[in-house]
Amino acid sequence: MSRVNGNARESTSPPNGELLAYETEKPGEMTIEPAPVNRQWMDDSNQRFAYRCLPLVIANQSGWIIRCPVGFTARWNGGKRPQDLRFWFPRGRRETRILSHFGDGIITFTIPYLFRTSPGINLWVKGPSNWLKDGIQPLEGVVETDWNHATFTMNWKVTRPDTAIRFEKDDPICMIFPIARGYAEQLEPVVLPLADNEELLARYTNWRESRTKFNQMLRENNHEAVKQGWQRDYMLGIQKEGEQFREHQTRLHIRPFKRK
């Protein structure tokens, strides 16, 4: 996209590799930052076992989050009208960017940023990955932020009427993740027997036998298996005979937004 400035044409699209967040108003406490790795339910899991699942850990960090500016409680009576969803804010802290706009028990958060991405890059707008909240579900959307001049809202659908839904101050209420437009459509999906790939079959068979044996040893309270606790091949990026995949990631390093 571009705009005319005198006789010159000035681009308003970011160069490759840049994500811009224009403030449409003072964001106040609706901060935007790299998504954290921690989740409360994972902290509370037995011996924090949930953090042993690397795909969960990576998904937790994949993008940026926007935080809730104030704690509040909402309750939906099951009706279709916007007024069928009520809010309770702290005294003197009513937040006009949190409202019932669509009806049907949907909480809308007005996002105080207009995003710009590089050409061909969309933003996946979603709830924070693996962040659990009882009685409500984040609604996800994909926005073409390389050309669109409008802001978007983040919406959550209450799934249980007559239930107090609670958001605390600084809870993550929105997560954004850039994706290449049209990439999934370019892929050619194919289903085929695993036996068609002899090398992959051999690796899978070795992994399956190893996992089955290890789990049996755990059930039998084998000292070495219990001491080890869990197999770490995927966590370590181990492929075959100790070979490590060079591009393996165990932590993401998402950059924070800089202020200009």
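Going by C-beta contacts inside 10 Å, put VAL158, VAL190, VAL70 in order with the fewest on the left.
Ordered from fewest to most neighbouring Cβ atoms within 10 Å, VAL158, VAL190, VAL70 come out as VAL190, VAL70, VAL158.
If you only keep lysine pairs separated by 8 or more in sequence, or across chains, how many in the chain come under 16 Å at the Cα atoms?
7
With θ taken as phi - 60° and the coefficients 6.51, -1.76 and 1.60, list the Karplus ³J(HN,Hα) couplings across the range 247-257 in order, rounded to whole Hz; mark glycine and proline as x.
Couplings: 9, 4, 10, 10, 7, 9, 10, 6, 6, x, 6 Hz.
Please list, in chain and number order, the residues 5+ apart from ASP171 or on another chain whose amide H is under 5 Å from its amide H, with Hs placed from the backbone.
CYS68
Rounded to the nearest 20 debye, what is the charge dipole size of the chain about its Cα centre when +1 sits on each Lys and Arg Cβ and -1 on each Asp and Glu Cβ?
So the magnitude is around 1040 debye.
Between LYS213 and ASN46, what's the calculated FRET efficiency when r is the beta-carbon distance and R0 is 22 Å? Round to 0.05.
0.45
With a cut-off of 8 Å between alpha carbons and a minimum separation of six or more residues, what is the relative contact order of the chain in percent?
21 percent
Neighbour counts of other C-beta atoms within 10 Å: give me ARG94, ARG116 arranged from fewest to most.
Least crowded to most crowded, the residues run ARG94, ARG116.
Amide H to amide H, which residues 5 or more places from GLN239 or on other chains are under 5 Å from it, using H placed in the peptide plane?
GLN244, PHE245
Using the 10 angstrom Cβ neighbour count as an exposure proxy, how do TYR113, TYR204 rank, fewest first?
Placing the least packed residue first, the sequence is TYR204, TYR113.
Using a 10 angstrom cutoff on alpha carbons, build the Gaussian network for the chain and name the most mobile of THR117, THR205, THR151.
Top of the fluctuation ranking is THR205.
Of the listed values [x] 109; [y] 216; [z] 138, grab the one calculated as volume of the Cα convex hull per residue in Å³ from the structure here.
Given [x] 109; [y] 216; [z] 138, the structure-derived one carries the label [y].
Once label points are set 7 Å from the Cα along Cα→Cβ at both TYR183 and LYS26, what is their separation, rounded to one decimal in nm?
Roughly 3.8 nm, to one decimal.
How large is the helix-only mean residue ellipticity at 222 nm for the chain, computed as the sum of -39500 (n - 2.57) over DSSP H runs with n ≥ 4, divided by its residue count, in deg cm²/dmol to the nearest 500?
Here the helix-only value at 222 nm equals -5000 deg cm²/dmol.
Only the coordinates and a few stated rules stand behind these numbers; no lab work does. Computed from a prediction, not measured in an experiment: that's the story for all the values here. Virtual Cβ from ideal backbone geometry, glycine too; neighbours counted across all protein chains shown.
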